[in-house]
Amino acid sequence: MSAEVESNKEDDVKEQKPRKPLKVVFAEKWQIGIKILELLVCAVCMGFIYDPASTAGLGKSHMLHVGVMYTAYTGYMVVNCVLLVGRTLGERIPYKTVSIFAITGSALFLITCILLTVDRLYLMKHYFYHPNMYLLTMMTTSIIFAFINVVLLAVDAMFTFIRKEDF
């Protein structure tokens, strides 16, 4: 009788699958990780530019620059959220589409970096003075993170296209 009980217990215990090496897990999930990183960098850019743009009146003096900047920041937050939600729901997005999104995003963020650098130089001459110097630091931080996103999006596009992996 005890032999029957022991054999039933063994049948109940599920076989544990061996753990995948970290390199294999990274190779399978790298696209999700880089999309989340891009999303976080977009949020940081948006957080750091909001106060300098609104306080210094950037929208009044350089409306076209602000339009490109907010399109890049919020647009790629939406794009990456849609890609991540689609992946969560099990949809496969072709690698060419994901690469085109990343290349376009990289170009848009590069243009944003250039425009914000020009705005920073303009505003530094006219609007920033000692009590508001923190705004200059915030704007510079947003420019740096936007450039980081240029690199992230370019690397994402390159690896996605080279590896031909659907998202």
* Check: the chain dipole with +1 on Lys, Arg Cβ and -1 on Asp, Glu Cβ, in debye -> 680
* Can you tell me the relative contact order of segment 86-167? Whole percent, Cα pairs under 8 Å, sequence separation 6 or more. => 57
* Is the chain best put as rounded, prolate or oblate by its Cα gyration tensor, with a ≥ b ≥ c the root eigenvalues, rounded for a/c under 1.5, and otherwise prolate when a/b is larger than b/c, oblate when not? -> prolate
* Relative contact order of the chain, pairs being alpha-carbon contacts under 8 Å that are 6 or more residues apart, as % -> 34
* Relative to the Cα centre, what is the charge dipole magnitude of segment 22-89, using +1 at the beta carbon of each Lys and Arg, -1 at the beta carbon of each Asp and Glu, and rounding to the nearest 20 debye? -> 160
* To do: Go through segment 146-153 residue by residue and turn each phi into a ³J(HN,Hα) via Karplus (6.51, -1.76, 1.60, θ = phi - 60°); whole Hz please, and just put x for glycine and proline.
  => 5, 5, 4, 5, 4, 5, 4, 5
* Determine the shape class of segment 20-111: with a ≥ b ≥ c the square roots of the Cα gyration tensor eigenvalues, call it rounded for a/c under 1.5, and otherwise prolate if a/b is greater than b/c, oblate otherwise. => prolate
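All of the numbers you see were taken from the coordinates with simple rules; none came from a lab. Note that the structure is a prediction, hence the values are computed from the model and not measured. In this analysis, Cβ positions are derived from the backbone assuming ideal geometry, glycine residues included, and neighbour counts consider all displayed protein chains.
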